[in-house]
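Taking it in order: structure first as structure tokens, then the write-up.
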Amino acid sequence: MRKFYAILLIAFLSLPMVSNAQLPPNFTITDMKGQTHDLHTYLNDGYTVVLDFWATWCGPCLASAPGIERIHEDYSFPGDDTYVIISIEFDASTSDEQDIVDAYCMQNPVVIDDNSVIRNDYNYAGSIPYFVVICPDGSWNDRTGGIGSDHTLLTNLAVGCTGQKSGPTDDAKLVVEHCAGATQFLCKGETTLTPTATLRNIGTNALTSAKIEVRMDNSLVETFTWNGNLPKFFEQEITLSSLTNVDFVAHELELRIIEANGGSDPNMLNNVSVTQLDPSVKAELALTLDITTDQYGDETSWEVVNGAGSVVASGPSTPYGNSTTYQETINVSGEDCYTFVMKDAFGDGMCCNFGNGSYTLSDANGVIATGGSYGLQEITGLHTKTTPTGIEEYSFLSSMDVFPNPADNFVNLVINLNKAITADIQVINPIGQVVKTVETNNYTVGQNEVSINTTDLASGVYFINLKTNERTVTQKFVVNR
């Protein structure tokens, strides 16, 4: 991004509010997603409208993104649906609006006002960020200066608004991280996953109970019941039941609110949180990071976080120079899971608007991750675990397969053994409950086949555990009828 500021830009300066009793000028404009917005229609429908005037090169504007996002998430649809917040980029010389919208994961409507028609109608004073809060009755207040993450600096301007529409009474919401957190990494050797979520109350009534469905790969795993007391716009981190037998492949974890305060939740669009679970990448303990910076090298940084959440390595010790190549040596210790994070402070990555920057993370076996075109950060999951999980690592077992998969009324387990064993066979659901057992048997060298009746199992994901005194080996299958 261009890193200059107009002479009149006053960062984080709050000017006195100006109240305007006259009906504000109307506008009809199309946002970057093709949706049309008409100011007077919103006001007539009882919405409070927030106009956010900004430019892609304005640091305080971008620093206000968390506060704007909070207003959009809580007050706009699909929040309590009482506000509309419209971000208006007005610099005709810029062309990187989409890059910034993507980097900062801006979910609210964003429009481009290259002719400055709207900003001139609203007493634009020359300093940005510039906010206008318009009440349904036509009165409005304005503010110049960044808000950071403090969304109340804007919502407080609407105190005393008349004619505002009412929000829902009972509405629970799962907070979704649009920029970060949509992907988590599985660590090899760990088969238990404990989902967490942030539950927020959007309704006017206190939220005292909620039911949440947990789904893995589109199959229902459990229904979790939460009880507590959350006033409007308060939230709580909740820990759900642990999932067991999570195999080391990509999964999709979905949490869905199905009930709030004992009744159906009226707003299903804010009830779902989907997380992609990706297998981490095997890495050696000695890593090499090669970096070529773009024209703003001081924006680039990186860190390595261990499984306990502690930063165990980071850089640079002094800011990187512009358009310069560096090589960093990173050493991690012992068996653990790590997260490597490549960051850009401004949110435009290292490539390719202002130089062709890039990074490559590697070990003795080759490249682990490489990139440069990203927003605020790019994350790679690593593991240095040596715990055996693959069938090839079990001395007694040559192969283990299930068919048909998906299954209907039965599933066959085919075991090819290198030596005779005595084993138990169990069918497990994703939360670790044994739903079916096969009597302990002796199995001989070569191929052994076991047929398991599944007519009494509901559709969904299951796991077959082959348990010996040496190891437990797991195979996943699906019942679909």
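The values are calculated or read from the model by the stated rules, or taken from the named source; none is laboratory data. Treat the numbers as computed from the prediction; the structure is a model and nothing was measured. Cβ coordinates were reconstructed from backbone atoms using ideal geometry, including for glycine residues, and neighbour counts include every protein chain displayed.
Below is a table of values for the structure above.
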| read-out | value |
| --- | --- |
| Qualifying residue in the stretch 99-113 (condition: within 30 Å of GLY160 (Cα to Cα), touching a Phe, Trp or Tyr at 6+ places or on another chain (Cβ under 8 Å) and among the aliphatic types (A, V, I, L, M)) | no |
| Qualifying residue in the stretch 2-11 (condition: within 20 Å of GLY148 (Cα to Cα), among the basic types (Lys, Arg) and either out of contact with any Ser or Thr (no Cβ under 8 Å at 6 or more places or on another chain) or modelled with pLDDT of 95 or more (or both)) | yes |
| Filtered residue count, the stretch 50-66, keeping only those that are farther than 18 Å from ASP91 by Cβ and surrounded by fewer than 22 Cβ atoms within 10 Å (Cβ to Cβ) | 1 |
| Test: residue in the stretch 303-317 that is touching a residue at least 40 places away in the same chain (Cβ under 8 Å) and over 21 Å from THR370 (Cα atoms) | yes |
| Count - residues of the stretch 435-481 that are under 32 Å from the mean Cα position of the chain (by Cα) and without any contact (Cβ under 8 Å) to a residue 40 or more places away in the chain | 2 |
| Count of the stretch 117-149 residues which are in a strand (DSSP E or B) and among the aliphatic types (A, V, I, L, M) | 3 |
| Single condition GLN295 does not satisfy, out of (1) farther than 30 Å from LYS188 by Cβ; (2) outside the structural domain of ILE202 (by TED's automatic domain parsing); (3) crowded, with 16+ Cβ neighbours inside 10 Å | (3) |
| Criterion violated by THR155 - all others in (1) of a type in the set (Ser, Thr, Tyr); (2) closer than 23 Å to VAL50 by Cα; (3) assigned to a loop (DSSP other than H, G, I, E, B) satisfied | (3) |
| Residue list for the stretch 81-99, filter: closer than 28 Å to PRO136 by Cα and in contact with a Ser or Thr (Cβ under 8 Å, 6 or more places away or on another chain) | THR82, TYR83, VAL84, ILE85, GLU89, PHE90 |
| Search result, residues across the stretch 70-89 that are in contact with a His (Cβ under 8 Å, 6 or more places away or on another chain) and either assigned to a helix (DSSP H, G or I) or not assigned by TED's automatic domain parsing to the domain that holds ASN44 (or both) | ARG70, ILE71, ASP74 |
| Scan of the stretch 102-157 for residues that are in contact with a Leu (Cβ under 7 Å, 6 or more places away or on another chain) and closer than 24 Å to GLY347 by Cα, ordered by number | ALA103, TYR104, SER127, ILE128, PHE131, THR144, GLY145, ILE147 |
| Condition check for THR183: in the same structural domain as ALA210 (by TED's automatic domain parsing) and not aliphatic (A, V, I, L, M) | yes |
| Residue ID - nearest to SER399 (Cα to Cα), chosen from residues in the stretch 439-464 that are buried (at least 18 other Cβ atoms within 10 Å of the Cβ) and of a type in the set (S, T, N, Q) | ASN448 |
| Among residues of the stretch 169-188, those that are part of a loop (DSSP other than H, G, I, E, B) and at pLDDT below 85, counted | 10 |
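One line per residue, one yes/no per condition, for (1) over 28 Å from PHE233 (Cβ atoms); (2) modelled with pLDDT of 90 or more; (3) surrounded by fewer than 20 Cβ atoms within 10 Å (Cβ to Cβ); (4) of a type outside the set (Lys, Arg):
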site	(1), (2), (3), (4)
TYR83	no, yes, no, yes
ILE86	no, yes, no, yes
MET106	no, no, no, yes
ILE134	no, yes, no, yes
GLY148	no, no, yes, yes
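Here's the yes/no breakdown for (1) at pLDDT 95 or above; (2) among the charged types (D, E, K, R); (3) over 30 Å from ILE212 (Cβ atoms); (4) part of a strand (DSSP E or B):
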position	(1), (2), (3), (4)
THR275	no, no, no, yes
ASP278	no, yes, no, yes
LEU289	yes, no, yes, yes
ASP294	no, yes, yes, no
PRO319	yes, no, yes, no
ASN322	yes, no, yes, no
TYR326	yes, no, yes, yes
THR339	no, no, no, yes
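Residue-by-condition table, conditions (1) crowded, with 18+ Cβ neighbours inside 10 Å; (2) in contact with a Cys (Cβ under 9 Å, 6 or more places away or on another chain); (3) not in a loop (DSSP other than H, G, I, E, B):
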{"residue": "GLU190", "(1), (2), (3)": "no, yes, no"}
{"residue": "ALA197", "(1), (2), (3)": "yes, no, yes"}
{"residue": "GLY203", "(1), (2), (3)": "yes, no, no"}
{"residue": "LEU220", "(1), (2), (3)": "no, no, yes"}
{"residue": "ASN229", "(1), (2), (3)": "no, no, yes"}
